[in-house]
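Everything on this sheet refers to the single structure shown next.
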Amino acid sequence: RILLQPDDSLQILAPVEADVGFYACNASNTLGSDTVSIAVTLSGKPLIKTSRATVINTESPAVTVDIGSTVKTIQRANVTISCQVAGVPEAEVTWFKNKVKLSPAHHLRDGLLLITNVSLSDQGLYSCKAANLRGAVTESSQLLILEPPRPLPYLEDLEAVLSSAGTSTRSVLTSPSGTKMIVSPGSSAFIGCAVDGHPTPNITWFYSGEPLSMLHRLLSAGHILQIFNVSDAPDGEFSCLAQNEAGSLTQKTSLAIQEYLWSVDKLMACSASCGHKGVQLPQLRCLLDGAEVNISHCREKPKPILQPIACNRRDCPSRWMVTSWSPCTRSCGGGIQMRRVTCQLLTAKGSSVPMSNEACAQVSKRPVDTQNCNRQPCVEWVASSWGQCNGPCIGPRLAVQHRQIFCQTKDGTSVSSDQCSALPRPLSTQNCWTDVCGVHWRVSLWTVCTATCGNYGFQSRRVDCVHVRTNKPVLEHHCSWRPRPVNWQRCNITPCENSRLLRGGEAVWDRGRKEGKVICTPC
């Protein structure tokens, strides 16, 4: 039913509903091509020519699409959306953006919608509605604005990360031309990739043009790269590649690891202001990037050889020279000690030249050559007579006696014992002999055991402290220097074997073995 005629026309015989649609004629030669379309419709609701293509425009200043397409274009381009309608009766076309009807002020003509100089505010869903008396049809196109990645001057997320990591952690932002940061060996660093674009660019990090292999962490959707140990990347360049549908952008930075170095550029103060011994030693410092750091950081570096430098080698002004004080003439009660005072000049060669006292008196007052010493009063320990030898006995005929010890001056005045602390202190107690302590423990014979067998037999004896000479009992504490003998003990601890036991005058038969039980008998 559909015939191509010799004149390139198209003939449709007996059209049916299935033939409804848009037919396109494409003409081409070596210089180009062109297309014209025409709608074939039956009496009924309108027909809209649609497309399901996705058109991406990253360079052209203008783009034209059929309704139904998805348009992704850069900003400031002119976008034309065509809504070609056919229908009998003729259809009326109405345009909407995000389901809101567009006013006639928009560029609307012959089923075309023109959006000039597009920006992010023009993004949205544009719909074309064709309606006649037989019905209505709607088709839509999505307009998305593309913005290629572009560099930003700052990165807010990096500030937040640094505030939580501490001020000692260094950070740097990449840039299209490249940046550089000096870091300490073994330290951690944050590298920021401050870019923006629409849609949001995907970020990939590289080191010296290769994927990252050192220990690292990505933060803030890849915008921040944390290097845990910058010594893992001693040379090379870090770069971040930001990509989206509109294009790509590469930014880069390099880290320069600053080594710890010994410095001897400063000298310590001279050890003397004059004379022949003044020297200056170079001050050994550990530097990082020109700033002084703890000297432990340079421990692994070989130390430079320090050569002392002579300084202030000149004659000293005349000054008083004194010898040590002589011993005090008395150990207490006030004495005198002396020393020699002379005026001398120390030359730059190290020799001392005697000078007149007037030469030193012009510089300072002459030191004294005598002084009082040991002015504390003379004291001694004084002991009273020994007391009676009647203290507690500590052995045979051996006891303890006491006396009082005092500290007093030579004229008999009592003073605090602290003033005699430097002197050997006499004893205040001593052992002594006394007949009262001639004692010993006397024991009698053991009594007869209270039982011949079992577990309850015991026996006792008399224990007394008696005088050796009179053999008469005395108080027991006189014998306390020796252990007191025991005065009772258990006895006859043997099984009774059916024998008769005596307990407190009662006779009880031991039937434990026969009846398999134990009989407890009170004593």
(request) Any chance you could list P(r) for the range 267-311, counting all Cα-Cα pairs in 10 angstrom bins from zero, rounded to whole %? (result) 25, 39, 26, 10
(request) Let me know the charge dipole size of the range 47-148 about its Cα centre in debye, to the nearest 20, where only the beta-carbon of Lys, Arg (+1) and Asp, Glu (-1) is charged. (result) 220 debye
(request) Run the dipole for the range 251-398 about the Cα centre, Lys and Arg Cβ at +1, Asp and Glu Cβ at -1, nothing else charged, and hand back the magnitude in debye, nearest 20. (result) 280 debye
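Provide the three semi-axes, in whole Å and in decreasing order, of the ellipsoid equivalent to the range 248-364 as defined by the square roots of 5 times the Cα gyration tensor eigenvalues.
Computed over the range 248-364, the values are 56, 20, 12 Å.
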(message) Checking the cross-link filter: which lysines have an alpha carbon closer than 18 Å to that of LYS266, excluding same-chain neighbours under 8 positions apart?
(response) LYS303
(request) Could you pull the accessible area for PHE228 with a 1.4 Å probe, rounded to 10 Å²? (result) 80 Å²
(request) Would you compute, from DSSP H runs of 4+ residues alone, the mean residue ellipticity of the chain at 222 nm, taking -39500 (n - 2.57) per run and dividing by the full residue count, rounded to the nearest 500? (result) -1000 deg cm²/dmol
(request) Which order do the peptides 478-484, 397-403 take when ranked by the mean count of other beta-carbon atoms within 10 Å per residue, highest first? (result) 397-403, 478-484
(request) Treating only the Cβ atoms of Lys and Arg (+1) and Asp and Glu (-1) as charged, compute the dipole magnitude of the chain about its Cα centre; round to the nearest 20 debye. (result) 5240 debye
(request) Please name which of THR200, MET268, CYS453 has its Cα lying farthest along the dipole of the chain towards the positive end, using unit charges on Cβ (Lys, Arg +1; Asp, Glu -1) and the Cα centre as origin. (result) CYS453
(request) Can you tell me the equivalent ellipsoid semi-axes for the range 52-119? Use √(5λ) from the Cα gyration tensor, largest first, whole Å. (result) 23, 14, 10
(request) Take every Cα-Cα distance within the range 1-104, group them into 5 Å bins from 0 onward, and report for each bin the whole-number percent of pairs it holds. (result) 2, 9, 14, 17, 19, 16, 10, 7, 4, 1
(message) For the range 379-431, place one equal point scatterer on every Cα, skip the solvent, and apply the Debye formula. What is log10 of I(q)/I(0) at q = 0.20, 0.25 Å⁻¹?
(response) -0.70, -0.88
(message) For the range 438-493, take N as its residue count and report Rg(C-alpha) divided by 2.2 N^0.38 Å.
(response) 1.40
(request) Please list the radius of gyration and Dmax for the chain, considering alpha-carbon atoms only, with Å as the unit. (result) 59.9, 172
(request) Starting from the residue with the highest accessible area, list TYR23, TYR126 in decreasing order, probe 1.4 Å. (result) TYR23, TYR126
(request) Could you work out the Rg to Rh ratio of the range 113-259, with Rh taken as the Kirkwood radius (inverse of the mean 1/r over all Cα pairs)? (result) 1.23
(request) Would you mind computing Rg(Cα) / (2.2 N^0.38 Å) for the range 186-251, counting N as its residues? (result) 1.13
(request) Please determine, in degrees from 0 to 90 and to the nearest 10, the orientation of helix 156-165 with respect to the longest principal axis defined by the Cα atoms of the chain, where the helix direction is its Cα long axis. (result) 10 degrees
(request) Determine, for each peptide in 283-290, 299-306, 220-227, the mean count of other beta carbons within 10 angstrom over its residues, then list the peptides with the highest first. (result) 220-227, 283-290, 299-306
(message) Let me check I've understood the local charge: for LYS129, count other residues with C-beta under 15 angstrom from its C-beta, Lys and Arg +1, Asp and Glu -1. What total comes out?
(response) +3
(request) For the range 350-414, build the charge dipole from Cβ charges (+1 Lys, Arg; -1 Asp, Glu) around the Cα centre, then report which of TRP386, PRO354, CYS407 sits farthest towards its positive end. (result) TRP386
(message) How charged is the neighbourhood of VAL363? Take every other residue with its Cβ under 14 Å from the Cβ of VAL363, and add Lys/Arg as +1 and Asp/Glu as -1.
(response) +1
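If eta is 1.567 mPa s and T is 4 °C, what Stokes-Einstein diffusion coefficient results for the range 20-175, Kirkwood Rh from Cα pairs, in µm²/s? Don't skip to the answer; put the middle values down first.
Numbers: Rh = 18.6 Å.
Estimated via Stokes-Einstein, D reaches 70 µm²/s.
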(message) Could you tell me the center-to-center distance, by alpha carbons, between the range 344-417 and the range 47-95 in angstrom?
(response) 118 Å
(message) Using only the Cα atoms of the range 317-373, what are the Rg and Dmax in Å?
(response) 14.3, 47
(request) Could you tell me what percent of the DSSP beta bridges with both partners in the chain are antiparallel, to the nearest 5? (result) 80 percent
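The values are calculated or read from the model by the stated rules, or taken from the named source; none is laboratory data. Predicted, not measured: the structure shown is a model, and the values here were computed from it. Reconstructed Cβ throughout: ideal geometry from the backbone, glycine too, with neighbour counts over all protein chains shown. Heavy atoms of the whole protein, side chains included, go into the accessibility calculation; ligands, DNA and RNA do not. Shrake-Rupley method; radii C 1.70, N 1.55, O 1.52, S 1.80 Å.
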